[in-house]
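The values are calculated or read from the model by the stated rules, or taken from the named source; none is laboratory data. Computed from a prediction, not measured in an experiment: that's the story for all the values here. So basically every Cβ, Gly included, is an ideal-geometry build from the backbone, and we count neighbours across all protein chains shown. All accessible areas refer to the heavy atoms of the entire protein, side chains included, with ligands and DNA or RNA removed. Shrake-Rupley method; radii C 1.70, N 1.55, O 1.52, S 1.80 Å.
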Amino acid sequence: MGNTAEVQAKYDELKGYIAETVKKPGPLMPIMQKAQEIFGSLPFDVQKFISEEMQIPMTDIYGVATFYSQFALEPKGKHVIGVCMGTACYVKKAEGILNALGDELQTAPGGTTPDSLFTLEATRCLGCCGLAPVIMIDDQVYGRLKPEDIPGIIGLYRNKQ
């Protein structure tokens, strides 16, 4: 995660934010969001820190972190790829797109590439049913895909580095 001084500075920043926010109604979600902003994810040690600072059970922190899809327990890649697995996309062979992405990136759904460039996720409906099958990379939608389209699309992002 970085050197000890950098890590300590992140915990100090989070501690200050908790002290400001804990007095407000419903502080847990904003505190967890700030923690993820600071650390890039909510690993066990960060969840434990929040639990201790707020004096609430670790199970409450973990429950929120795993219930809401906005939270990540592990860092995500620079580009997050969501493959729509909703009904329209599934019927139009989205599974083949997901498999092609897995092959191209050498990672399974839910995984991040070793270079931390991509995270691959199977998602629910992206709301672009007329373009099925669809993927979303960051905020960009790609539709009417075939497995052979995947290397070219991924190449665009590899070249952006």
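Side notes on the structure shown:
- For segment 22-161, the fraction of alpha-carbon pairs lying more than 23 Å apart is 44 percent, rounded to a whole number.
- Rounded percent of accessible protein surface that carbon and sulfur make up, the chain, 1.4 Å probe: 53 percent
- In this structure the amide hydrogen of THR123, modeled in the peptide plane, comes within under 5 Å of the amide hydrogens of VAL83, CYS84, MET85, none closer than 5 places in sequence on its chain.
- Over the chain, DSSP H runs of length four or greater, each weighted -39,500 (n - 2.57), average out per residue to a 222 nm ellipticity of -15000 deg cm²/dmol.
- The 3J(HN,Hα) values that the Karplus relation (6.51, -1.76, 1.60; θ = phi - 60°) gives for segment 19-36 are, in residue order, 4, 6, 8, 4, 7, 7, x, x, x, 4, 4, x, 5, 5, 5, 5, 4, 5 Hz. Gly and Pro appear as x.
- For the listed residue pairs LYS10/LYS78; LYS24/LYS76; LYS15/LYS160; LYS48/LYS78; LYS34/LYS78; LYS24/LYS78, the alpha carbons are over 28 angstrom apart in LYS24/LYS76; LYS15/LYS160; LYS24/LYS78.
- Lys/Arg +1, Asp/Glu -1 at C-beta; segment 1-72 dipole; positive extreme among PRO43, GLY26, THR66: GLY26
- Spin-label model, ASN3/ASP103: points 7 Å from Cα along the beta carbon direction are separated by 4.5 nm.
- Amide H contacts for HIS79 (H built 1.01 Å from N in the peptide plane; partners 5 or more residues away or on another chain; cut-off under 5 Å): PHE118, THR119.
- Tilt relative to the chain, helix 150-160 - C-alpha long axis, 0 to 90 degrees, to 10: 50 degrees
- The chain - charge dipole about Cα centre, Lys and Arg +1 at Cβ, Asp and Glu -1, debye rounded to 20: 440 debye
- Annotation: amide H-H contacts under 5 Å for GLY111 (H modelled 1.01 Å from N, sequence separation of 5 or more, or interchain): LEU120.
- Estimated FRET transfer efficiency when R0 is 35 angstrom, pair SER41-CYS125 (beta carbons, to 0.05): 0.90
- Computed from backbone phi, the HN-Hα couplings of segment 144-149 come to 6, 7, 10, x, 6, 6 Hz, rounded to whole numbers (Karplus: 6.51 cos²θ - 1.76 cosθ + 1.60, θ = phi - 60°; Gly and Pro given as x).
- Cysteines without a disulfide-compatible neighbour (Cβ-Cβ under 4.7 Å), the chain: CYS125, CYS128, CYS129
- The length gained on full extension between LEU28 and LYS78, counted as 0.36 nm times the residue separation minus their Cα-Cα distance, comes to 15.4 nm.
- Solvent-accessible area per residue for the chain (1.4 angstrom probe, square angstrom): 58 Å²
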